[in-house]
Each structure stands twice: as C-alpha cells, then as structure tokens.
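Here's the structure we're looking at; comments come further down.
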Amino acid sequence: MKRIAVIGAGAAGCFCAAELRRRLPAVKVDVYESGPKPLAKVAITGGGRCNLTNSFEGIRSLGEAYPRGERLMKRLLRVFSQEDTWRWFEAAGVPLVLQDDHCVFPRSQDAMDIVHALLRKMEGVNLLLRTPVHAINPDLTVDGEPYDAVVVTTGGAPKGLPLLEGLDLEWVPTVPSLFTFTIQDEGLRALMGLVVEATVSLPGTPFKADGPLLITDWGLSGPAVLKLSSYAARHLHDAGYQAPLSVNWLSLSEAETRALLEELSAANPRKQVSNTPPAGLQARLWNYLTVKAGLRPDIRWAELGSKGLNKLVNTLTQDNYAIAGKTKFRDEFVTCGGVALSNLNPATLECKQYPGLYFAGEVLDIDAITGGFNLQAAWTTGYVAAQSIASK
Ligand SMILES: Cc1cc2nc3c(=O)[nH]c(=O)nc-3n(C[C@H](O)[C@H](O)[C@H](O)COP(=O)(O)OP(=O)(O)OC[C@H]3O[C@@H](n4cnc5c(N)ncnc54)[C@H](O)[C@@H]3O)c2cc1C
C-alpha cells in the first residue's frame, strides 16, 4: 500500500483521511476536492454551530434516526459510535456539550473548531484543492493516476455521479430530504411563530412523526415536519410535493382527547369553549381550532353536546391540510438515495465488484433526520473505510 486517494474533502473524506494518516503514516494520502476549501459544508452546519452528533437517547429504534441505512448504521455504530465521536473530537482539542434535546455541539458553539481539529489531524495529507475528479476506473486509477485504494466521499449527488460512470454500480435515484411544508391556509399562517408538541402524518400512508411543530408564514416547519419530510422523502417527491397532511395537535388518541375535553367541560360548564384551551395549546391556536371545528364563538362547554364534542375531537386529532409544495429549512438538506448499499461489503464498505474501492458519507444511500445523525454517519463510515484499508 503506497498511495491512497480520497475523493471529496467533506466530513466523511477528511475524517477518513485523518484516520488513514494516523494508521498509515508512511502511506501517501491524496485528498481531491473540487472546491476552494476543505470542509466548506461542515463550517456552516447547525447554523454555524455544527451539531456533530447526538446522544441517541430520544431514539427508540435506529430506523427513526436513519430512514435509509438503518441496518448498516446499526452494524457500523458498533465500530465507531456517538461516544467514540465525542472522545475523538475532545481528544482532538474540541470540548463538547450535550444539549437537553440530545444534540451535541462544540462548547464554543463554533463549527470552525471542528474544521480546525480535523485539519490538524490531517497534517501530512496531500490536500488537492480546486481539483475535481472526473473519472474513477475499475483499475483504481483516478483521472489516470494509479492508486492502491480509493475512497469516494463526494457527498449527496442530486444529479447522479458522472465520475462513477465507468463503473458498474447499482445506484438508488436521489431525491431531497429535510424540507418544510408550504400550506395555503391563511388562518394557520396567521398563527406564525407558535410551537406546539404535535404529531403529523400523511393519511393513507405509514408516514408519521412527532415533536415540536412550528407554524410559519409559509406553512409548517419544526422537528416534527422535518422528520416527516425525511421519512416520506421519496413518497412526497413522487407526489410532486402535493399531498394531504393530518395534524394531531395534542398527540393523543381519540379516546384520550375525548376524555380530556370531557374533563374540561365538567370543570368549566359556564365558561366559553374558545376561552378554555386544554393544557399545552396556546389560546390563539385553540381559538383557531374551535372556529375550524365549526363551533359558535360564544358557545359554552355545557351547551356543546355530543355533536360539538365530536367535532372538536376530530379537529384536534385529525386536522387536515394540503401540502402545496416544499420549502428549504435554513439551507439544510440531505440527499436520500445514492450508491446502493448492496454494492458494498457491509463490514468494510469496500465495493464487492471493485476491490480497493470504498465509499463513505452521504454519497451512500444513507441519510438521517436532523439532530447530528447525518454527520455521525459521515464520521462512522469514514472511520470504517480507513480502518478497513489499514487492516488490509
Ligand atoms: C446547511 C447545512 C447544514 C447542515 N447541518 C447539519 C448538522 O448540524 N448536523 C448534521 O449531522 N448534519 C448536517 N447537515 C448534513 C451534513 O452536513 C452532511 O450530511 C455531511 O456534510 C455529509 O458529509 P460528506 O462528507 O458525505 O459530504 P460533504 O460534506 O458534502 O462533502 C463532499 C465533498 O466532496 C466534494 N466533491 C464532490 N464531487 C467531487 C469531485 N468530483 N471531485 C472532488 N471533490 C468533489 C464536494 O465539493 C464536498 O466538499 C447539514 C447540511 C447542510 C446543507
């Protein structure tokens, strides 16, 4: 092993190169980067703060975090986990903090600390900036240069990857993930700024997500919507981003919602329904929902009757909207699809068809919800590719 090429100086490529440098100090590692700077995207992750991993505490099954790549990530996280990420970056001189929402950031809240730490660990690596790779061949030549191993870490490729055209690889068509929903409902939009713990779902499909739901001036956003956009990325793409959406405002079942309303009614028979919101619902939103349920604005709990109660239960548990398009969430998005995992040996990330060729990061058909899981996938897969090469 004399020369290794890494294609792409993003999160996965730089992490892989740093690990190759540590494990194989005598081997020449060339990192090709088409842009003028390494780690340009990492520098702007998490709004410039870099949410580099997650404690995974809120995750019941790994598929919740990784809608694509769950099985492979389960296996690879045993080799390089979120705890390993924490240790790696702290040992590299970046103290980290865990937020209440389980997201991990540099204590400085500055993504550049992550960039600088990676660059320090890459010292001795040959970084070739403004050097796009055009073709990788089965004999492991990169634009005509011969290598003993090649790691492709070119990130999400919405339009496919021309540099892989000379290779016979299975490719999963790419679509965007992590976006917010445009909803043409003036009443809802007038509530912009409100955040509610809710459950959103696409009726007639298995896609459902819960968490904070943010009402915006264009529709709906927040972690619940971003998660749903990730779970249903392909479905929504195929539907042209036009689909019915259902909101369960209290994340309770119909029976639980009914019981809650009956309690409210029993405790406040003389009060106006529109002035008595259930705990957890802001007065403005409750008002909007009672109007949407078709209730008279001055109706009192004692006058509601079973018909009125049914209408309220329905509006609270299955409030229907129409998704009329997608909108970017800050500039964050990831690509769903890419190099099919079936091409790879799952233990090493080496290509079955082309020994010596490895893949890591978002170029693979692995992507996650927001919260640091995408960068964790980049660190983990970059680590495993480097370890596999070094152990050859
Ligand atoms: C604005 C934004 C914010 C985000 N925030 C977070 C966050 O806080 N936490 C989180 O977990 N995830 C976040 N993500 C997602 C995360 O950044 C990506 O999943 C991650 O960067 C993927 O790493 P990668 O190395 O696979 O790809 P990238 O980081 O995209 O790197 C790929 C590199 O390859 C280069 N390249 C491509 N083609 C070629 C070629 N032919 N030749 C040479 N070089 C090439 C590109 O220029 C690029 O530098 C965010 C994404 C965006 C867009």
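Worth a mention:
- The separation of region 222-266 from region 42-74, counted between C-alpha centres, amounts to 22 Å.
- Ordered from longest to shortest, the equivalent ellipsoid semi-axes for region 130-177 are 21, 12, 9 Å, each the square root of 5 times a Cα gyration tensor eigenvalue.
- For region 5-148: Kirkwood Rh in Å [reciprocal of mean 1/r, alpha carbons]: 16.6
- Note on Thr348 and Arg270: their simple-model spin labels are 8.0 nm apart, each label 7 Å out from Cα toward Cβ.
- Per residue Cα convex hull volume in Å³ - calculated over the chain: 136
- Computed on the Cα atoms alone, the convex hull of region 87-159 gives a volume of 168 cubic angstrom per residue.
- Computed from Cα atoms, the angle from the helix 82-91 axis to the main principal axis of the chain rounds to 60 degrees.
- Length added when fully stretched, Ser306-Ala340, from 0.36 nm per residue minus Cα-Cα: 6.9 nm
- Maximal additional length on extending the Asp298-Ser34 stretch stands at 88.6 nm, based on 0.36 nm per residue less the C-alpha distance.
- Computed on the chain, with alpha-carbon pairs under 8 angstrom and 6+ residues apart, the relative contact order is 25 percent.
- Among the listed pairs Lys2/Lys392; Lys37/Lys74; Lys37/Lys392, a Cα-Cα separation exceeding 24 Å is found for Lys37/Lys74; Lys37/Lys392.
- The label point for Arg87 and the one for Glu70, both projected 7 Å from the Cα toward the Cβ, are 2.8 nm apart.
- Principal-axis tilt of helix 11-23 within the chain, Cα atoms, nearest 10 degrees: 40
- Rounded to 10°, Cα long-axis angle of helix 283-292 versus longest principal axis of the chain: 70
- Estimated FRET transfer efficiency when R0 is 22 angstrom, pair Glu256-Ser61 (beta carbons, to 0.05): 0.40
- Calculated accessible area for region 105-171 comes out at 52 Å² per residue, all protein chains present (probe 1.4 Å; ligands, DNA, RNA ignored).
The values are calculated or read from the model by the stated rules, or taken from the named source; none is laboratory data. Worth saying up front: this structure is predicted, and the values here are computed from it rather than measured. Don't worry about glycine lacking a Cβ; one is built from the backbone with ideal geometry, like all the others, and counts go over all protein chains shown. Heads up: the accessible areas ignore ligands, DNA and RNA and are worked out on the full protein's heavy atoms, side chains in. Shrake-Rupley method; radii C 1.70, N 1.55, O 1.52, S 1.80 Å.
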